[in-house]
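The values are calculated or read from the model by the stated rules, or taken from the named source; none is laboratory data. Every value quoted in this text rests on a predicted model; they were computed, and no experiment measured them. Note that each Cβ is placed from the backbone with ideal geometry, even for glycine, and that neighbours are counted across all protein chains shown. Ligands, DNA and RNA are stripped out before the accessible areas are found, and what is left, the full protein with its side chains, is counted by its heavy atoms. Shrake-Rupley method; radii C 1.70, N 1.55, O 1.52, S 1.80 Å.
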Amino acid sequence: MIGKAERKEAAREFRERKPSPGIYQLRCRTTDHSWVDLSPNLDAAQNGQFFQLRQGLHRNKELQAEWNAHGEESFEFVILETLSEETSPLLLRDLLVERKQAWAVRLQG
């Protein structure tokens, strides 16, 4: 049993952790189709993407159609690149967009 002090410490550590920004890929193993996207918080990205897909609410209709056709077990979430947690918030969005484009090109060819 975890004591009250240990629970408080675990909760504090959770609140203080910094999100890991980066680029990820959702890939259908059945068709080998993939989608590259970015997130300022990779830890939350998979949960958010899979939740939307499970609910049938994903903004990418092509991805949603493949999910519906092949099921969750056919999909994998792959972190392609993690940016430094120390990246300036002023530069983060532009850097994420730049890296997403670079990965999209790299994976096409």
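Restricting attention to segment 40-57, the residues that are under 30 Å from residue 90 (Cβ atoms), free of Cβ contacts under 8 Å to residues at least 40 places away in the same chain and not in a helix (DSSP H, G or I) add up to 1. Criterion applied to 76, 13 was being among the acidic types (Asp, Glu) and either assigned to a helix (DSSP H, G or I) or at pLDDT below 95 (or both), and the one residue passing it is 13.
Residues in segment 58-102 that are open to solvent by less than 60 Å² (accessible area, probe 1.4 Å), touching a residue at least 40 places away in the same chain (Cβ under 8 Å) and hydroxyl-bearing (Ser, Thr, Tyr): 74, 87. Within segment 22-39, the residues that satisfy the criterion of being in contact with a Lys or Arg (Cβ under 9 Å, 6 or more places away or on another chain) and either touching a residue at least 40 places away in the same chain (Cβ under 8 Å) or farther than 26 Å from residue 94 by Cβ (or both) are 22, 23, 33, 34, 36, 37, 38.
Considered as a group, the residues in segment 16-39 that are assigned to a loop (DSSP other than H, G, I, E, B) and basic (Lys, Arg) include one that is modelled with the highest pLDDT, and that residue is 29.
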